[in-house]
Amino acid sequence: MLESTGSMAKAGSILLIFAVSAGLSAHDVRAADPGRAPMIVAAVQGGGGEKPNADSGAGTKPEMSPEQKMQTRFPQPARVGHLIGLPVLDGNDSTIGYVQQVARTPEGKIVLIVPYGKWFGWARDGGPLAWGRRPVAVPIEVVAILGRQINAVDMDRAAFEKAPTWAAGQSQSIPPNETIRIALGRR
């Protein structure tokens, strides 16, 4: 008797596995074996493997703004003078340029001024740009500091290429002794 009970348990398990893989409901399982006690197969009640429709918006998160992304990176205070001269790196840890200046736009946004160009040279001590490099305003929200370097987390090289050339009259320079907030990076 004990042996037949074990066989029935195996048959019930096989029937349950079949029901789950076939996407059958609990009613369908009971109809397949009317002499047995009813099984509860709640996990497959809706058909099992259905995915939410991408067009319905179910299960999708709205895109975060750069300010919200920066807040998730635990921004910390940093003196402006400590940021000047730091290298700005891309996702491959290649140097894009060096922070030449930190400025505040008329809208109140903080930007890092980084000379950018594909080839040769870089600006030194606020002097003239060398060999085709142009200043680009990098929003503080798209970078993160990692030790003695700044990573362009949400701005790739293509975005640097498309960014307009920054002009000194577009924003006001922030003094080196002022403290701003910059996001923390991690590896």
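Any read-out appearing in this document is the output of simple, stated calculations on the displayed coordinates, not a laboratory observation. Nothing here was measured: the structure is a model prediction, and the numbers come from that model.
Before moving on, here are some points about what is shown:
- Residue separation of Thr105 and Arg187 scaled by 0.36 nm, minus their Cα-Cα distance, works out to 26.5 nm of gained length.
- Whole-angstrom Cα spans of the range 66-184 along principal axes, big to small: 37, 31, 24
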